[in-house]
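Quick note: the coordinates plus some simple rules give every number you see, no bench work behind them. Here the structure is a predicted model, which is why all the values come from computation and not from measurement. Note that each Cβ is placed from the backbone with ideal geometry, even for glycine, and that neighbours are counted across all protein chains shown.
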Amino acid sequence: MTNFTLTLRDAAGGTLRVLENVPSSTGIASAQAFCFPETAGVRSAVFVINATANNNAGPFTGLAEVAFGLVTACGSADIAGPNQSTCIDGVLTADDIIRYLGLYFASDLAADVAGANQAPAPDGQLTADDIIVFLGRYFQGC
Ligand SMILES: [Ca+2]
Ligand SMILES: [Ca+2]
């Protein structure tokens, strides 16, 4: 499967949320995670495979498991999921560090987590203090 659409419906069959034409990877051993805002009142889900790796020509596409759940952040350094996606995944990995440094070097103030002398409050500037505080949070673990 290389693309899917997920529709979440309420008890009356009304559409609550649609994730349309979501790209996905094939041939990977690990699970893929797709984030969407928490949606209340879901009673059914329609999962449509839009495209497969063989251009829909093959007779078989397998889905090992589809699960839904809330992910709780693993501390304030959990800012990414696999492949530096913005989906937090409840664990601290190199993806979190890579995403943080990406924000930092893109001058994104989302990376502003500290002030002078590593004071634990944003100060509107990106300095080494921010990197030190972020890494400190990361190495504190979950
Ligand atoms: Ca993470
Ligand atoms: Ca700062």
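Exposure proxy shown here: for Ile79, Ile132, the number of other Cβ atoms within 10 Å sets the order, fewest to most, as Ile132, Ile79. Around Leu92, what is the net charge, scoring Lys/Arg as +1 and Asp/Glu as -1 over all other residues with Cβ under 13 Å from its Cβ? Within the 13 Å Cβ shell, the charges total -2.
Would you calculate, for the chain, the mean residue ellipticity at 222 nm contributed by helices, counting each DSSP H stretch of 4 or more residues as -39,500 (n - 2.57) and dividing by all residues, to the nearest 500? Mind dumping the intermediate values first?
Values: 2 runs with 25 residues, N = 142.
Theoretical 222 nm ellipticity from helices: -5500 deg cm²/dmol.
Rounded to the nearest whole Hz, the Karplus-based 3J(HN,Hα) values (6.51 cos²θ - 1.76 cosθ + 1.60, θ = phi - 60°) of the stretch 129-142 follow the sequence 4, 5, 4, 4, 5, 4, 5, x, 5, 4, 6, 5, x, 7, with x at glycine and proline.
Annotation: amide H-H contacts under 5 Å for Asn50 (H modelled 1.01 Å from N, sequence separation of 5 or more, or interchain): Asn3, Phe4, Thr5. Roughly what angle does helix 94-105 make with the longest principal axis of the chain, taking Cα atoms, 0 to 90 degrees, to the nearest 10? Approximately 60 degrees, to the nearest ten. When only alpha carbons are used to place a centre, the stretch 96-138 and the stretch 19-75 end up 32 Å from one another. Scanning residues 5 or more positions from Cys87 or on other chains, those with amide H under 5 Å from its amide H are Gly81, with H placed 1.01 Å from N in the peptide plane.
List the relative contact order of the chain as a percent without decimals, with contacts defined as Cα pairs under 8 Å and 6+ residues apart. Show your work: numbers first, answer last.
Numbers: 221 pairs, mean separation 24.6, N = 142.
Once divided by the residue count of the chain, the mean separation gives 17 percent.
Going by C-beta contacts inside 10 Å, put Glu20, Glu65 in order with the fewest on the left. Present the calculation step by step, with values, prior to reporting the outcome.
Numbers: Glu20 11, Glu65 5.
Least crowded to most crowded, the residues run Glu65, Glu20.
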